[in-house]
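One structure is given here, and the rest of the page talks about it.
The values are calculated or read from the model by the stated rules, or taken from the named source; none is laboratory data. These figures come from a predicted structure and were not determined experimentally. Backbone-built Cβ (ideal geometry, glycine too); neighbour counts: all protein chains shown.
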């Protein structure tokens, strides 16, 4: 995550397009919003464009945003080859200053490895490189267990909760060694479940949600 944060810092200092990839639930959308809010386009809007009608959305949204905003591209892998070609042309017109609406930044979010799709000629290689001058790959929680306690404590300490519950060593061990298939999204749900059961008492294995009670 230190490498990811270094790339995020680079993204905040420039207006280059950004690609964010990783498994479902790792926090790609949150990171995209963070880059928009803290980057150079924070005064503009961040608008989502999804496939399959992505190109129509981009043309329409770009006219609204002018040169002050961000277009968050989702499901790019679902674009047809024809739409990919038109989207590439749209981006290249911007980069050469020939676009009627220059300066829009694209942040592309995908659950799949678009580079592998490009290598297999299932996605435009030229479009891939236009979209990922800065490429952030967010690792799943199971590959960074040291982050799990930090994130769990953060979600359990949000202002909507009165106090932070305590967990036994056994409960913490189960939480850290769990595979977290739903990643950060699942972790946040577990934090909410634990807070609802806390009520000022020590939480043990039996207090964990059913999926976490089974041995890792």
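Data table
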quantity	calculated
Residues satisfying the stated conditions in the stretch 181-212, i.e. loosely packed, with under 13 Cβ neighbours inside 10 Å and in a helix (DSSP H, G or I)	196, 206, 210
Helices (runs of 4 or more DSSP H) lying entirely in the stretch 1-112 (those with 3 or more residues that are at pLDDT 75 or above)	2-12, 28-38, 81-95
Single match in 107, 134, 148 (criterion: farther than 18 Å from residue 19 by Cα, in contact with a helix residue (DSSP H, G or I) (Cβ under 6 Å, 6 or more places away or on another chain) and in contact (Cβ under 8 Å) with a residue 12 or more places away in the chain)	148
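Residue-wise test of (1) outside the structural domain of residue 21 (by TED's automatic domain parsing); (2) touching a strand residue (DSSP E or B) at 6+ places or on another chain (Cβ under 8 Å); (3) more than 24 Å from residue 30 (Cα to Cα); (4) modelled with pLDDT of 90 or more.
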residue	(1), (2), (3), (4)
159	yes, no, no, no
162	yes, no, yes, no
165	yes, yes, yes, no
174	yes, no, yes, yes
187	yes, no, no, yes
190	yes, no, no, yes
199	yes, no, yes, no
